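Structure, as structure tokens:
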Amino acid sequence: MARASPLLMICLVLGSSFATYNLVTMIIHYGSADSLATEDGGLFFDPIVEMPEHVKNTKTSKAPFHIALTATDAIYNKWQCRIMYYWYKKQRSLPGSEMGGFTRILHSGKADNLMDEIPTVVVDPLPEGLDRGYVVLNRPWAFVQWLEKANIEEEYILMAEPDHVFVRPLPNLAFGENPAAFPFFYIKPKENEKIVRKYYPEENGPVTNVDPIGNSPVIIRKDLIAKIAPTWMNISMKMKEDPETDKAFGWVLEMYGYAVASALHGVRHILRKDFMLQPPWDTETFNKYIIHYTYGCDYNLKGELTYGKIGEWRFDKRSHLRGPPPRNLPLPPPGVPESATLVKMVNEASANIPNWDTL
């Protein structure tokens, strides 16, 4: 056999090294080689972080889901609900959508002035003082009450929040007994195993059975959430009563409550990174379904993030606690696509919602 030239050998080695470097870089970024592999051995970005083997089947029929949005009657909550409902209506009718009915679960205990605008069911808040100033504890209690009284046509439910905006039509990402959820980088059961074990004992299995999620966004079969909801409420209450847990989990305590409650019922979630993006940390809206605008977005006029410092341009929902944002908010500087998309969507909704300024 003829001997290869030294130049050819060098090219082959460099090419192999370059390919190896790129593969390692992708694995470091996306977590594992498994998440990059296709059935034929190719590579691509897979938005699914974790999916049970039996779930990897192609869906053959539509499975509509009901959108359930928990909310208070505060003005700050109301304007967010109006924007969310506007985009729900717009995306629901587009191709690819499996979005069904919509319910705002109002846990203020009394009707408000959005009852005719948004389909709403009123439920009771927790007894005074029981939430210990942590209003989010009302969320599991609201779901317990709603599930007991509601007549839901759809088999599945999407648990959502007021500060969610649908970027494109949302299909049903769940599959049978496996709900779909967004993996939050700050929910870390393994790193908090000592505390998690107070509520999920070792005899229940490895702590990795507790998914790194909250209750929202989650698409889940309604019979499963009906079982999980009371446990979610009780676990969250116990966590709030425990000083060590309360200090460690802080404002995400109720999210851990849902994750642990699901694990106690043996429910594992399909983790979908494409379910949602959270500006300013996520910079791509492409192939994402929901924008979650929980964080403030601050930029200088060069389009550079100034997080922790009020920017020359900013959008922060907390700037509008006492009233809705004005119509025609200024767009961010060039180079800030995810915030530009968000503000354009806020502007479109506010321009088309009647009596926007009266809440």
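The values are calculated or read from the model by the stated rules, or taken from the named source; none is laboratory data. Predicted model only: the values in this text are computed from it and were never measured. For neighbour counting, all protein chains shown are included, and Cβ atoms are generated from backbone atoms with ideal geometry for every residue, glycine included. For the accessible areas, the whole protein counts, side chains as well, though only heavy atoms, and no ligand, DNA or RNA atoms are used. Shrake-Rupley method; radii C 1.70, N 1.55, O 1.52, S 1.80 Å.
Quick notes on this structure:
- Checking each residue in region 330-347 for being in contact (Cβ under 8 Å) with a residue 60 or more places away in the chain and of a type outside the set (A, V, I, L, M, F, W, C) picks out Glu338, Ser339, Thr341.
- Considering region 328-342, the residues that are buried (at least 22 other Cβ atoms within 10 Å of the Cβ) and of a type in the set (A, V, I, L, M, F, W, C) include one that is farthest from Leu277 (Cα to Cα), namely Val336.
- The residues of region 292-308 that are within 14 Å of Pro330 (Cα to Cα) and free of Cβ contacts under 8 Å to residues at least 24 places away in the same chain amount to a single one, Asp298.
- Cβ pairs under 6 Å, 6+ apart, first in region 167-193 and assigned by the TED database to the domain that holds Gly100 and within 24 Å of Leu342 (Cα to Cα), second open to solvent by 30 Å² or more (accessible area, probe 1.4 Å) and of a type in the set (Ser, Thr, Tyr): Val167/Thr285
- Any hit, region 86-100, residues being outside any loop (DSSP other than H, G, I, E, B), of a type in the set (D, E, K, R), modelled with pLDDT of 95 or more and loosely packed, with under 15 Cβ neighbours inside 10 Å: yes
- Some residue of region 292-300 being open to solvent by 60 Å² or more (accessible area, probe 1.4 Å) and small (Gly, Ala, Ser): no
- Checked against the criterion of being among the aliphatic types (A, V, I, L, M), open to solvent by 20 Å² or more (accessible area, probe 1.4 Å) and either part of a loop (DSSP other than H, G, I, E, B) or more than 30 Å from Pro169 (Cβ to Cβ) (or both), region 344-357 has no qualifying residue.
- Selection within region 133-165: residues that are in a loop (DSSP other than H, G, I, E, B) and modelled with pLDDT of 95 or more. The member of this set that is surrounded by the fewest Cβ atoms within 10 Å (Cβ to Cβ) is Glu153.
- In region 188-226, the residues that are over 25 Å from His164 (Cα atoms) and open to solvent by 60 Å² or more (accessible area, probe 1.4 Å): Lys190, Glu191, Lys194, Lys198, Glu202, Glu203, Asn204, Pro206, Thr208
Table: residues versus (1) under 11 Å from Asn215 (Cβ atoms); (2) open to solvent by less than 10 Å² (accessible area, probe 1.4 Å).
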residue: Lys238; (1), (2): no, no
residue: Pro243; (1), (2): no, no
residue: Glu254; (1), (2): yes, yes
residue: Ala261; (1), (2): yes, yes
residue: His265; (1), (2): no, no
residue: Arg268; (1), (2): no, no
residue: Met276; (1), (2): no, yes
residue: Pro279; (1), (2): no, yes
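- Test: residue in region 285-295 that is over 18 Å from Leu69 (Cα atoms) and in the same structural domain as Leu130 (by the TED database): no
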